[in-house]
Ligand SMILES: Nc1ncnc2c1ncn2[C@@H]1O[C@H](COP(=O)(O)OP(=O)(O)O)[C@@H](O)[C@H]1O
Ligand SMILES: Nc1ncnc2c1ncn2[C@@H]1O[C@H](COP(=O)(O)OP(=O)(O)O)[C@@H](O)[C@H]1O
Ligand code: SF4
Ligand code: SF4
Ligand code: SF4
């Protein structure tokens, strides 16, 4: 089938959205932006296509009625199992890479010890992996780098101690290897891992196993269907580095405006807070951008700020919002310099402020910056749509809601759980328009 | 009047290094500037005294009456910026104790002095004998010359030009400036130069000035045509060079503007667009009004971001920094001192906010522009403080889209090409999308 | 004869030293350096205090003066506090008597301190409140590039074509670096580029203090980074600040803690003097 | 009243961003009007003589959340105009019937035009002062400007302002200047008895209180402060300069003192100390105000020094007069006047062998660690080495 794809190459994350001919979203994919933008774009697209297949599975299975009542559970399980398979695949690669990197003269006599420790460490990692993917598991992130990294750090210290090698050495090997692993694509493994995941799922859901054949048939059908990449549009911070011609590139402002319009057609104002930039966009009733403002050359108060804070507090990004929600008061934070965030935090802690109250202050500070940029672009109009990674953060949303009410009165605030994909959705829509409205065909990729 | 012939091979397809295109007038003005630098470099040998003053409110005709060789530190800084020498100078000044926060023109100038006073053309610049501090619409001017005086012990004479706070020039202001010129400026210049002031000489220079002023206005207003034969910002930078600096009142300037005006008329007749360093703009896609000075360190790159998209600037406020002539002001040989005062008081930077906004709205309308672009300069509080209000007001009053970018004059650290390009692209795509939507609606 | 302890609480590490001094001679008995790594610095200060005592086989009661520096204003068991440029200056001349300037590059701030032969601070300059080009930044980038902190220096020194980082903002500079990696710029060239921009910042700070000739000692956590030292030496040459030579010292990281301990001893003497005057 | 009470009252006035004191004053009698002014100097005597209350608007401090104000200013412009706009747009300045913008720098100058656009129904004036100090040139211009201002204010107040009205007001302000001089002299003599964080608040009260009341308050504070014995610390004595426009946060002043410095002179709120000494009461009051401005007014970065030798003279004098051991340059970030002036002043201090240090702040600076470190090192180096 014909697919229209938007890829949003952000500074922190790369997102892809696949839409079908009916302009409905088929799949979404996300990965962390890494040193190799090509890879990031490819991986995000693969993820989106995989998720599109899951969507098609769902449709096919729903039609076949093979799983009446259990469809959601089944798809959920299948997806988790698939993630686990992918994770294990990458973990094995990481292990091999680490072992390779531990060789040579770097560690001299300690090399053997390091390798031994690594083998043990990876054994434990593997054993702990399935727990990451059980239903309702609290994961700190969805990205391999973060997941494996967190576990590695958590287990590494003990393993190093037991093995009598320096923990620093293990860290060193990891830092070196993760980059290599991250920059590899695992496109070929997808079908294999899907089939393996299928086995796992059927095992996990014995009642479905009895109908295994009825389930497999539609899935197989979907798997055999080709997803044709009819037209791809790239956008985002790193778009200039995408291997696309100018025709296939759109400004992220336009994409965010259009994406928000697609999600909520009555959107008038869009706020996007990403990793390194904050954008305020005013759109007209057709999704056309009327004016926009971005933060200037200083990245203060953008999403990366939260990243630094999370690092400083040794927490996952997911956990910051919930912590801030526990606040009983809001500590006033004046500097939103991303790099000094840690210092500011320590400053406040040493003054005896509570962590959650400081967190509430930090979130408010970010939103205050955004409010200024919004004011600069022409204010908040009804309806107001909040997008970008930070929209996932409930404390940021709470501050935004308050400040918007204080300054602009009641307006409808739209936040989509998939708001991080807004730019990519806009891109995909542009791709769709290019083909179906402007009659363009994809250019050969160079 | 033809443009320089172009290496045609370089025009089509991939053009790695297209030769820079220039109009005759551009070459002419470059020659003039180089000649002035040479005059400055040899002033000591030729026994001439040297003056330094600022572009807004520069009393060139008056200085000529005393035979001064004339240096303009702002122009030196911008020339050094164009030649990519300013970055180092600014760093040197900062190392000498200047703050990162302040105007980089000042620092480029002081840095140049620290490096041994070598001017943009590689010839040495002499220490001025007198600093004529025309305090016109920029507070930094005052500190700038105080700094030079502190370091080089130059004689300084202050000409304080009051601000048009309520949008008018009144008698009290005019009298004050006239009095200062008569009682402070002229006596000091006489003393330093040893030349007696002769008002008829001043009148004579002013007669020349008027001729240039007429032609400059013609040239700048030619942008009202479609397609515009000139770029009223990037191109205008070359056009305003002579008149805003050491040449106003000289026959050379008169000749330059004659040549230029004829060249522009010819372009209009042929229906041609402006010449850019990369070649002629093939098709005028967007017509813009720009507020704020340009960036000099990446001037060509900056211009290219516009010309690549077919964006032509039809009017800019920057082309009026050295004098607002298009609303009728001319130097008046009949009332020479009064008209000097009037000139200083009427400089663009001396206008208040409502006046600036009116002017921009008028340009958007008269030049049939698609929108306003503000290039906000980190250095320049005089221009920049409050520009965001200009943006809003103009949008509100004209309904045309406005965009905002931030760069600096001569500090390469503050020109982030990717950032600027990102905004410009978004802006152009936005204007286009709006246009398409508007066309569809009809 | 008295014993004093100096504790330097930084944003990256806690350093502790123990000295014995009597009128004419000074003896360094023990030292500790602990990277904070998200632990409580006050806790680490206490731990450092206990450990140096243990190493020197002394009891808390044997210590005449415990001086803090850095962010240690609130350490409860300290006798007094000195500000970090005061202590780095003193520690600097202790380590290298001919030093006439100390460059301290910590995790967040850089400082250049112009001193005389007694360690008296003549003038100083700190980086501004914007955190670009800090030690932390280098550390982040190194982690990103998969290079251990200790390896940075050696790697950077092998660079032939350093790639300068243009952004002034540390956050945007990180993206710059990511872009460089994707453009295939070699790790050593990136590191060297960062070193050069840090060095140019340091050279600027030095110049602003007014020093024109003599020895510059690097102190603080990054002092041992040979790449940074080399970059600074290069920068001094290209900037024609030829009167200055830069070096480091194996114990550079302790400069603040050393200075604190020594000033503690000085202050102790002063206080005793005052005491005796009061008594008399 | 005890020191603590006076300071607490001043603290409340300082923190009150809705200017209730001004509101109360206006409400106390029908038809009362108030006119705001920004740093540094406007002739408040004229406002007073017209029966109106002059109100100093010196930014929003660190307690004001600036949202809309940022929409009007780029990040490289100081903070005071944005917080002032915020105060205006949030309606906090609605109680002012007019606003005066003195000639201090291009930022404030441009703000005057923005105010005309944003607050169309208000009296707004950019008040230019001469940079030429000859009576016949700058003076003639200035007297005319004063006359226009007087007439406009009279119109705003709805009553004529006679020369006698003006003389009375000049007398009242002469007294206020004397009270403030006493305060500065006292603090320089006993800085431990009158810490700058308190002195600052007492001064700030003068921005919103009627001048007569403020003079009284200052003297009350002096009496109360002297009555309460306080511990004297071994601090270095410094002159703080550069903070003439945007004000530092109170915490910054406290941090400097905590780090071991006594501030014995400063240029906070120069409006109170702009004219030096009494303005004569006999003769033409406008001429007198003009002469005081031209020949006996404070030195600051916004003023032109006619002679090279004049640069820094007053600063050196202040160091001598108040017995300071060093100078701290504390300037607002992105403040062109202060920062361009700084190297020149430093040159002068260097020539006189006076130690100095410098840092920047914003009215909402939150991080004091670098400030403490720099001020502390400065104090350390004065203290540890002065006796050796
Ligand atoms: N699950 C999450 N919870 C909270 N914040 C998140 C989450 N995921 C991402 N973020 C925030 O979003 C930012 C990235 O946003 P994104 O829109 O992807 O930026 P970009 O487009 O620049 O890559 C991160 O820096 C982080 O602060
Ligand atoms: N051997 C080393 N080589 C390079 N960098 C180092 C080394 N040891 C420590 N660092 C870096 O020095 C910084 C800490 O320096 P330090 O002077 O202790 O700073 P602070 O005083 O602010 O804590 C950290 O960023 C750390 O990464
Ligand atoms: S502030 Fe602006 S007008 Fe003034 S000197 Fe600098 S660039 Fe020129
Ligand atoms: S380091 Fe901080 S203050 Fe500096 S530019 Fe970056 S985010 Fe802004
Ligand atoms: S702080 Fe400085 S730059 Fe800002 S308004 Fe005041 S004088 Fe002008």
Any hit, the stretch A:89-111, residues being in contact (Cβ under 8 Å) with a residue 12 or more places away in the chain, over 30 Å from the mean Cα position of the chain (by Cα) and either assigned by TED's automatic domain parsing to the domain that holds residue A:15 or closer than 30 Å to residue A:319 by Cα (or both): no
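On the basis of being away from ligand 5 (no atom under 16 Å from the Cβ) and outside any strand (DSSP E or B), does residue C:107 make the cut?
yes
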Qualifying positions in the stretch A:236-261 - at pLDDT 95 or above and surrounded by fewer than 21 Cβ atoms within 10 Å (Cβ to Cβ): none
Those residues of the stretch D:43-66 which are on the phi < 0 side of the Ramachandran plot and modelled with pLDDT under 95, in sequence order: D:60, D:62, D:63, D:64, D:65, D:66
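Please find, within the stretch A:19-35, the residue that is nearest to residue A:58 (Cα to Cα) out of those that are in a loop (DSSP other than H, G, I, E, B) and within 14 Å of chain C (Cβ to nearest Cβ). Write out each step before concluding.
Looking only at the stretch A:19-35, we keep the residues that are in a loop (DSSP other than H, G, I, E, B), and these are A:20-24, A:33-35.
In the following step, the residues that additionally are within 14 Å of chain C (Cβ to nearest Cβ) were identified as A:33-35.
Working: A:33: 29, A:34: 32, A:35: 35 Å.
Step by step, filter the stretch A:19-35, then rank; the result is A:33.
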Residues of the stretch A:107-137 satisfying the condition of being part of a loop (DSSP other than H, G, I, E, B) and in contact with a helix residue (DSSP H, G or I) (Cβ under 8 Å, 6 or more places away or on another chain): A:107, A:133, A:134, A:135, A:137
Only one of A:296, A:311, A:272 that is within 12 Å of chain C (Cβ to nearest Cβ), in contact with a strand residue (DSSP E or B) (Cβ under 7 Å, 6 or more places away or on another chain) and more than 16 Å from ligand 5 (Cβ to nearest atom): A:296
Pick from the stretch D:319-362, criterion over 27 Å from residue D:186 (Cβ atoms) and part of a loop (DSSP other than H, G, I, E, B), ranking: nearest to ligand 5 (Cβ to nearest atom): D:335
Residue match in the stretch C:252-268 (condition: free of Cβ contacts under 8 Å to residues at least 60 places away in the same chain and not assigned by TED's automatic domain parsing to the domain that holds residue C:197): yes
Among (1) modelled with pLDDT of 95 or more; (2) on the phi < 0 side of the Ramachandran plot; (3) under 14 Å from the mean Cα position of the chain (by Cα), the one test that residue D:327 misses: (3)
Enumeration of residues in the stretch B:26-75 that are closer than 19 Å to residue B:257 by Cβ and either within 14 Å of chain D (Cβ to nearest Cβ) or within 16 Å of ligand 2 (Cβ to nearest atom) (or both): none
Out of B:158, B:113, B:206, sole residue that is surrounded by 20 or more Cβ atoms within 10 Å (Cβ to Cβ), in a helix (DSSP H, G or I) and within 14 Å of chain D (Cβ to nearest Cβ): B:113
Breaking point among (1) part of a helix (DSSP H, G or I); (2) within 18 Å of the chain's Cα centre (by Cα); (3) touching a residue at least 24 places away in the same chain (Cβ under 8 Å); (4) surrounded by 24 or more Cβ atoms within 10 Å (Cβ to Cβ), for residue D:11: (4)
Pairs where the first residue, in the stretch C:223-237, is within 14 Å of chain B (Cβ to nearest Cβ) and the second is assigned to a helix (DSSP H, G or I) and more than 16 Å from ligand 1 (Cβ to nearest atom), C-beta under 8 Å, 6+ apart: C:235/C:196; C:235/C:199; C:235/C:200; C:235/C:202; C:235/C:203; C:236/C:203
Filter result for residue D:101 (buried (at least 23 other Cβ atoms within 10 Å of the Cβ) and facing chain B (nearest Cβ under 7 Å)): no
Members of the stretch A:275-289 found to be touching a residue at least 24 places away in the same chain (Cβ under 8 Å) and more than 14 Å from chain C (Cβ to nearest Cβ), listed by number: A:279, A:280, A:281, A:282, A:283, A:286, A:287, A:288, A:289
Breaking point among (1) within 14 Å of chain C (Cβ to nearest Cβ); (2) away from ligand 4 (no atom under 16 Å from the Cβ), for residue B:99: (2)
Condition check for residue C:158: touching a residue at least 12 places away in the same chain (Cβ under 8 Å), more than 16 Å from ligand 1 (Cβ to nearest atom) and within 12 Å of chain A (Cβ to nearest Cβ): no
Test: residue in the stretch D:328-341 that is surrounded by fewer than 21 Cβ atoms within 10 Å (Cβ to Cβ) and either within 30 Å of residue D:144 (Cα to Cα) or in contact with a helix residue (DSSP H, G or I) (Cβ under 9 Å, 6 or more places away or on another chain) (or both): no
Boolean, residue B:148 is more than 9 Å from every other protein chain (Cβ to nearest Cβ) and closer than 30 Å to residue D:350 by Cα: yes
Pairs where the first residue, in the stretch D:197-217, is closer than 20 Å to residue D:168 by Cβ and the second is outside any helix (DSSP H, G or I), C-beta under 7 Å, 6+ apart: D:210/D:53
Leading residue by the ranking (nearest to residue B:93 (Cα to Cα)) among those in the stretch B:373-414 that are in contact with a strand residue (DSSP E or B) (Cβ under 7 Å, 6 or more places away or on another chain), more than 12 Å from chain D (Cβ to nearest Cβ) and surrounded by fewer than 24 Cβ atoms within 10 Å (Cβ to Cβ): B:403
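So that you can scan it fast, the table gives a plain yes or no per residue for (1) more than 11 Å from chain D (Cβ to nearest Cβ); (2) within 16 Å of ligand 4 (Cβ to nearest atom):
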position	(1), (2)
C:76	yes, no
C:89	no, no
C:95	yes, no
C:134	yes, yes
Condition broken by residue D:302, with the remaining ones in (1) part of a loop (DSSP other than H, G, I, E, B); (2) more than 24 Å from the chain's Cα centre (by Cα); (3) away from chain C (no Cβ under 14 Å) satisfied: (2)
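The values are calculated or read from the model by the stated rules, or taken from the named source; none is laboratory data. Keep in mind that what you see is a predicted model, and the values were worked out from it rather than measured. Here Cβ is always computed from backbone atoms with ideal geometry, including for glycine, and neighbour counts include all displayed protein chains.
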